[in-house]
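Just below is one structure, and these are the notes that go with it.
The values are calculated or read from the model by the stated rules, or taken from the named source; none is laboratory data. On a predicted model such as this, the values are computed, not experimentally measured, just so you know. A quick note on method: Cβ atoms are made from the backbone with ideal geometry, for glycine too, and the neighbour counts reach across all protein chains shown.
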Ligand SMILES: NC(=O)c1ccc[n+]([C@@H]2O[C@H](COP(=O)([O-])OP(=O)(O)OC[C@H]3O[C@@H](n4cnc5c(N)ncnc54)[C@H](OP(=O)(O)O)[C@@H]3O)[C@@H](O)[C@H]2O)c1
């Protein structure tokens, strides 16, 4: 993939990791649609701000009408309620699934034909070590990330023959608002996560494991 020929759309590009994805894609020479629920909060020079709530099908449709030249989709937007699946509010448990699973899936179903029509490209799904590590303190989030991981594996096989490469990025805590509660020495710089993710995407890797915790967790999956 040649960076200066990429037209990317990044979801949740107004803050956190998404802001780094948008800025680094610009640095690499791409055209970038920076998508956010409130596009007026986007603060990355060189991007084209675009309104997008991934849980709102009408918003996704409108974004696709505007960003019809996209070749790389970065599914970064996410939420973390830290709800327990047993005692958390059901609306929080639903929000996690509506965002990470159904929302991301709808964005993919809408943009895959666009990417294909533009000659092929790639989709990057921002996942987590919690796709595999299911602590009850983040039960609802983990279940949604596990579902998103399974979906990612399935679409990778479906989209490959259509010229669309699918990459999954898994990582532990990132130093953003979402992990504000976590100790500083357990968090990875979001600029580093974005760089490794984009390098892996460029290299055509199917899965990028950013940190030691994530690599160890994946390695132990079959060990129970
Ligand atoms: N932080 C971590 O420790 C960590 C670890 C592993 C994976 N991840 C994943 O990395 C991704 C980025 O997270 P982050 O750390 O940057 O979190 P963050 O700082 O909380 O930012 C979340 C972003 O997602 C956007 N968003 C949430 N719901 C949305 C929706 N329905 N439609 C469109 N945008 C929406 C937010 O927009 P608003 O400003 O409008 O709320 C914000 O831009 C997520 O997928 C997350 O699950 C994070």
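Annotations for the structure displayed:
- Flag for residue 98 being at pLDDT 95 or above and more than 16 Å from the chain's Cα centre (by Cα): no
- Hits in the range 157-193 (condition: near the ligand (Cβ under 10 Å from one of its atoms) and assigned to a helix (DSSP H, G or I)): 177, 178, 179, 186, 190, 193
- Counting only residues that are within 14 Å of the ligand (Cβ to nearest atom) and assigned to a helix (DSSP H, G or I), the range 133-142 holds 5 of them.
- Inter-residue pairs, beta-carbon under 7 Å, first more than 10 Å from residue 123 (Cβ to Cβ) and in the range 68-84, second in a strand (DSSP E or B) and within 11 Å of the ligand (Cβ to nearest atom), 6+ apart: 76/10; 76/126; 78/126
- In the range 119-132, the qualifying residues are those that are crowded, with 17+ Cβ neighbours inside 10 Å and in a loop (DSSP other than H, G, I, E, B), and the one that is farthest from the ligand (Cβ to nearest atom) is 132.
- Meets criteria (within 9 Å of the ligand (Cβ to nearest atom), under 24 Å from residue 165 (Cβ atoms) and in a loop (DSSP other than H, G, I, E, B)) for residue 13: yes
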